[in-house]
Amino acid sequence: MLFDDLVLTEQLFPHLYEVQETAKARVERIMEGLLEKNPALEKEKDAMAWVRHMNMLKAQAEKCVTELIYI
């Protein structure tokens, strides 16, 4: 019913955009916190290890935000 109401009043896309922007901001904040607790290696020493570490942290942050959205 909420979906139909959002579609009929043309508020669906603005609502989805707002959710997306909020999710991006939360991922960035969570990433900052994770980087403080788990600092990355120096990029110049081992670039692939740095990329793996950053991807792992980003996946964790996105999982947290996804769980918040779908609950």
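The values are calculated or read from the model by the stated rules, or taken from the named source; none is laboratory data. Predicted model only: the values in this text are computed from it and were never measured. Quick reminder, even Gly has a Cβ in these numbers, built from the backbone with ideal geometry, and neighbours come from all protein chains shown. When the accessible area is computed, the model is the full protein with side chains, heavy atoms only, and any ligands, DNA or RNA have been set aside. Shrake-Rupley method; radii C 1.70, N 1.55, O 1.52, S 1.80 Å.
Mind checking the per residue accessible area of the chain for me, 1.4 Å probe, whole number of Å²?
Details: 6140 Å² over 71 residues.
About 86 Å² of surface per residue is accessible.
With a point put 7 Å past each Cα toward its Cβ, work out how far Asp5 is from Trp50 in nm, to one decimal.
4.9
Over the chain, how many pairs of lysines fall under 19 Å by alpha carbon, counting only those 8 or more apart in sequence or from different chains? The partial results should precede the final answer.
On the way: Lys24/Lys58; Lys24/Lys63; Lys37/Lys58; Lys37/Lys63; Lys43/Lys58.
For the chain, qualifying lysine pairs total 5.
Quote the charge dipole size of the chain about the Cα centre in Debye, to the nearest 20; the model charges only the Cβ of Lys and Arg (+1) and of Asp and Glu (-1). Before the final figure, lay out the partial values.
Values: 9 positive and 13 negative charges, 92 e Å.
Charge dipole, the chain, about its Cα centre: 440 debye, nearest 20.
Can you tell me the orientation of helix 47-70 relative to the chain, as the angle in degrees between its alpha-carbon axis and the longest Cα principal axis, to the nearest 10?
Relative to the chain, helix 47-70 is tipped by roughly 30 degrees.
Ignoring ligands, DNA and RNA, how do Met54, Met48, Met1 rank by accessible area with a 1.4 Å probe, largest first? Intermediate results must be reported in sequence, preceding the final value.
Values: Met54 40, Met48 120, Met1 195 Å².
Largest to smallest exposure gives the sequence Met1, Met48, Met54.
Picking from Met1, Leu57, Leu12, whose Cα lies most toward the positive end of the charge dipole for the chain (charges on Cβ: Lys, Arg +1; Asp, Glu -1)?
The residue sitting farthest along the positive end of the dipole is Leu57.
Stretched out fully, how many nm does the piece from Leu68 to Glu42 gain, at 0.36 nm a residue minus the Cα gap? Walk me through the numbers before you get to the answer.
Numbers: separation 26, 0.36 × 26 = 9.36 nm, distance 3.18 nm.
Extra length available between Leu68 and Glu42 comes to 6.2 nm.
Hey, of [x] 15.7; [y] 13.0; [z] 14.2, which did the structure itself give for Kirkwood radius over Cα pairs in Å when calculated?
Answer label, from the structure shown: [z].
Output the 0 to 90 degree angle, nearest 10, between the alpha-carbon long axis of helix 12-37 and the longest principal axis computed from the alpha carbons of the chain.
Helix 12-37 sits at roughly 20 degrees to that axis.
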